[in-house]
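The values are calculated or read from the model by the stated rules, or taken from the named source; none is laboratory data. All of these numbers come straight from a predicted model, not from anything done at the bench. Please note: Cβ atoms are built from the backbone with ideal geometry, for glycine as well, and neighbour counts cover all protein chains shown. All accessible areas refer to the heavy atoms of the entire protein, side chains included, with ligands and DNA or RNA removed. Shrake-Rupley method; radii C 1.70, N 1.55, O 1.52, S 1.80 Å.
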Amino acid sequence: VRTVAILGSTGSLGAQALEVIERHPGKLRVCGLAAGRRMGLLADQVRRYQPEWVAVAGPEEAADLRARLGAEVPFRLLWGDEGLCEVAAAPADVVLVTVVGARGLAPTLAAMEAGRTVALANKESLVIGGGLLRAALARGGGRLLPVDSEHSAIFQCLRGTAPAEVQRLLLTASGGPLFGRRLEELRDVTPEAVLAHPTWRMGARVTVDSATLMNKGLEVIEAHWLFDLPFERLAVVIHPESIVHSLVELADGTLLAHLGRPDMRLPLQYALFYPERVAGGFPALDLGAAGRLTFLPLDWSAYPCLRLALQAGAAGGAWPALLNAADEMAVEAFLAGRLPFGEIAGVVEAVLDRWGGAPAATLDEVKAADGWARRLAAEVIERR
Ligand code: MG
């Protein structure tokens, strides 16, 4: 039995991971759960899966969870960043990090320092702390497995391919729910319209980021750290159907593509069982039913967030952390109705423009840059 700790168990990906685990009784077992919100759902999960470790956001949530569960389930109850890191480092066979946003970096680092196999669905930790994570991975001697669909696809295509044979990686982007509409038309589009993603079932922030293509920019930075390729060898192609999850271009010009149904449970299952590939009862992709697959070159002018992300990624240092923090703030403001959709990129750019430059070689320095960007982003949003 493989034991799994899920950080972010009450979110969309956490729930999908639990669905995968339920498909494999006797092979996968939940040993740890961590969630910041939705204590009622977490209490249900604790009752059902009986983990040894549970972490919540703070003492209030801990009291709430205890009150819901009484003394019926014995488990170690932890809270705060420290508690989250403790569950991350606990002796699980796989630590699945589905925490959303920059908060995912500290527990991912803790898991890597402890030498765990980390299935990483939190792209922000690689975006803002890629160098830190690579160093921690080398020290801890663990393993890093991508869960993001594009990176899982590339990871699978790269099996059996020598690094010298790889020319470029091509990440596909659906373009999100607003694909095909002009930038000017999108200025005042509503959160409801943006959250209606045509092909993927994901959390709110990543869905908004899919519409601006910020998500794809973060994924290119993520790919840079995962696969150790320079930015000029990472490309983006628009593919609205989300059937080809990404491609690897080889030295002779051949493309290897990964095709599958757009279902996050598939990359989750692949990471949880890696290196084994198992049947999970999912239907195979039906090509006839999938119909026409289209690919389009990227219209850079339509996606200022993507351009900002690639600039920040190539600049390195604290730039990706600033980009991510400003975007998190802007997306939050958009979802709360405090910022027009069309001004998300402007907020991010305004924050990047004001950065004087300082290193981001330690977790504290990354946190400081992140905090600075959030404060400035809040001011910028307030002024607009
Ligand atoms: Mg993705």
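Of note:
- Total residues in the range 267-290, condition touching a residue at least 60 places away in the same chain (Cβ under 8 Å) and of a type outside the set (S, T, N, Q): 10
- Sole residue being of a type in the set (A, V, I, L, M), open to solvent by less than 30 Å² (accessible area, probe 1.4 Å), away from the ligand (no atom under 11 Å from the Cβ) and not in a loop (DSSP other than H, G, I, E, B), chosen from VAL208, VAL189: VAL208
- Residues of the range 153-176 that turn out to be within 23 Å of GLY217 (Cβ to Cβ) and either away from the ligand (no atom under 16 Å from the Cβ) or open to solvent by less than 40 Å² (accessible area, probe 1.4 Å) (or both), as a count: 16
- Failed item in (1) free of Cβ contacts under 8 Å to residues at least 60 places away in the same chain; (2) touching a helix residue (DSSP H, G or I) at 6+ places or on another chain (Cβ under 6 Å), with ALA135 passing the rest: (2)
One line per residue, one yes/no per condition, for (1) of a type outside the set (A, V, I, L, M, F, W, C); (2) on the phi > 0 side of the Ramachandran plot:
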| residue | (1), (2) |
| --- | --- |
| VAL4 | no, no |
| LEU18 | no, no |
| VAL30 | no, no |
| LEU33 | no, no |
| GLY36 | yes, no |
| GLN45 | yes, no |
| GLN50 | yes, yes |
| PRO74 | yes, no |
| CYS85 | no, no |
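- Of all residues in the range 229-240, those that are in contact (Cβ under 8 Å) with a residue 60 or more places away in the chain and open to solvent by 50 Å² or more (accessible area, probe 1.4 Å) total 1.
- The selection criterion, being open to solvent by 40 Å² or more (accessible area, probe 1.4 Å), hydrophobic (A, V, I, L, M, F, W, C), free of Cβ contacts under 8 Å to residues at least 60 places away in the same chain and away from the ligand (no atom under 16 Å from the Cβ), holds for ALA196.
- Residue in the range 51-65 that is part of a loop (DSSP other than H, G, I, E, B), touching a residue at least 12 places away in the same chain (Cβ under 8 Å), open to solvent by less than 60 Å² (accessible area, probe 1.4 Å) and in contact with a Cys (Cβ under 8 Å, 6 or more places away or on another chain) present: yes
- Where strands (runs of 3 or more DSSP E) sit wholly within the range 222-341, those with at least 1 residues that are polar (S, T, N, Q) and in contact with a strand residue (DSSP E or B) (Cβ under 8 Å, 6 or more places away or on another chain) occupy 244-250.
- Some residue of the range 189-207 being within 22 Å of ARG338 (Cα to Cα), under 18 Å from the mean Cα position of the chain (by Cα) and β-branched (Val, Ile, Thr): yes
- Any hit, the range 126-141, residues being open to solvent by 10 Å² or more (accessible area, probe 1.4 Å) and under 20 Å from LEU18 (Cα atoms): no
- Residues of the range 1-41 that are closer than 17 Å to TYR274 by Cα, open to solvent by less than 40 Å² (accessible area, probe 1.4 Å) and touching an Asp or Glu at 6+ places or on another chain (Cβ under 6 Å): THR3 alone.
- Filtering GLY80, GLY115, GLY104 for residues that are open to solvent by less than 30 Å² (accessible area, probe 1.4 Å), at negative phi and not hydrophobic (A, V, I, L, M, F, W, C) leaves a single hit, GLY104.
- Test: LEU272 is more than 14 Å from the ligand (Cβ to nearest atom) and surrounded by 19 or more Cβ atoms within 10 Å (Cβ to Cβ): yes
- Verdict on GLY356 being open to solvent by 50 Å² or more (accessible area, probe 1.4 Å) and at positive phi: no
- Among the residues making up the range 217-250, those that are closer than 13 Å to PRO320 by Cα and within 14 Å of the ligand (Cβ to nearest atom) are GLY217, LEU218, GLU219, VAL220, ILE221, GLU222.
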